[in-house]
Amino acid sequence: MQVLEVVLIVAIAIVVFLANNEINKRRVARYRAVAAASGLEFDPGDPSNITSLDFEFLQRGSSNQATFTMWRPGAYSNRVFQYRYVTGSGKDRQVYSHTCALVALPFAATSTRLRPEGFATRLLNKVGLDDIELESPTFNDRYRITSADKQFATALLDPSMMGWLLEVPCELDLYLLGSWLLAVDDRRSAEELPNLLVRSEALVTHMPTVMQSLYPPAGPPSP
């Protein structure tokens, strides 16, 4: 390879690096401005190591990464962030991107998942992977509930909670475990992150208060 070709390749690499660096700076500034406008703190990375939590969703694939984290100042730091993970390799490599919120629960949750019923979940029912059926047929048709403890799920989804979820439909994929609710959405823009946090916090405020006495928390949530 001639010297001129080497110089040209190096020059192109430098230009690409500088361009990407400028794009990232602008992206970080955009997220920071959105967070500030909503009264939230911001970090472009994952300052509390969200990916260390034991949620099944956060253990999928590899190269798991939480970025552009916004959080509400306070002891429990409810937060919202962008999340990605990778499955497969080579031609089979796929990157999955989501926007997620993590909200503290006032009780100790058994591993439970609540998500909208759809074609894929109905197919699971047909092959024998049944979900938990509650007293409301309408709710059962709208949502799929799985839990390690049916009694916990039944207490959580009391008539009032089911009624609210039917009145204000939830399109999020919800995971409860220990001290936290993890709400998973499709990838959203920076401007939509604060709203996802508000929606996820509203879910917790509508959960039955009796859960706190039935399943008292062991201590303050972490991280």
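The values are calculated or read from the model by the stated rules, or taken from the named source; none is laboratory data. What you see is a predicted model, and the numbers here were worked out from it, not measured in a lab. We place every Cβ from the backbone using ideal geometry, glycine too, and count neighbours over all the protein chains shown.
Quick one: would you say A66 is modelled with pLDDT under 70 and either of a type outside the set (D, E, K, R) or outside any helix (DSSP H, G or I) (or both)?
Taking the combined requirement at face value, the residue does not satisfy it.
Identify all residues within region 52-92 that are touching a strand residue (DSSP E or B) at 6+ places or on another chain (Cβ under 8 Å), surrounded by fewer than 11 Cβ atoms within 10 Å (Cβ to Cβ) and of a type in the set (D, E, K, R); write none if there are none.
Scanning region 52-92 gives a single hit, D54.
Could you tell me how many of the residues in region 53-69 are under 23 Å from K25 (Cβ atoms), touching a Ser or Thr at 6+ places or on another chain (Cβ under 9 Å) and of a type outside the set (A, V, I, L, M, F, W, C)?
Of the residues in that region, 2 qualify.
For region 206-215, give me each residue that is surrounded by 14 or more Cβ atoms within 10 Å (Cβ to Cβ), in contact with a Pro (Cβ under 9 Å, 6 or more places away or on another chain) and not hydrophobic (A, V, I, L, M, F, W, C).
Q212
Note down all Cβ pairs under 7 Å where the first residue falls in region 18-30 and is at pLDDT 95 or above, the second is surrounded by 10 or more Cβ atoms within 10 Å (Cβ to Cβ) and not in a helix (DSSP H, G or I), and they're at least six residues apart or on different chains.
If the second residue must be surrounded by 10 or more Cβ atoms within 10 Å (Cβ to Cβ) and not in a helix (DSSP H, G or I), the pairs left are V28/P44.
Okay, residues lined up against (1) surrounded by 14 or more Cβ atoms within 10 Å (Cβ to Cβ); (2) within 18 Å of the chain's Cα centre (by Cα); (3) modelled with pLDDT of 95 or more:
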position: Q151; (1), (2), (3): no, no, yes
position: L157; (1), (2), (3): yes, no, yes
position: M161; (1), (2), (3): yes, no, yes
position: C170; (1), (2), (3): yes, yes, no
position: Y175; (1), (2), (3): yes, yes, yes
position: W180; (1), (2), (3): yes, yes, yes
position: A190; (1), (2), (3): yes, yes, yes
position: S200; (1), (2), (3): yes, yes, yes
position: V204; (1), (2), (3): yes, yes, yes
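Is it the case that region 119-126 has a residue that's over 12 Å from the mean Cα position of the chain (by Cα), at pLDDT 90 or above, surrounded by fewer than 17 Cβ atoms within 10 Å (Cβ to Cβ) and among the basic types (K, R)? If you could, list the steps in order and put the result at the bottom.
Kept after step one, since they are over 12 Å from the mean Cα position of the chain (by Cα), are these residues of region 119-126: 119-126.
Okay, now just the ones that are also at pLDDT 90 or above, so none.
The answer is no, given that none of the residues of region 119-126 is over 12 Å from the mean Cα position of the chain (by Cα), at pLDDT 90 or above, surrounded by fewer than 17 Cβ atoms within 10 Å (Cβ to Cβ) and among the basic types (K, R).
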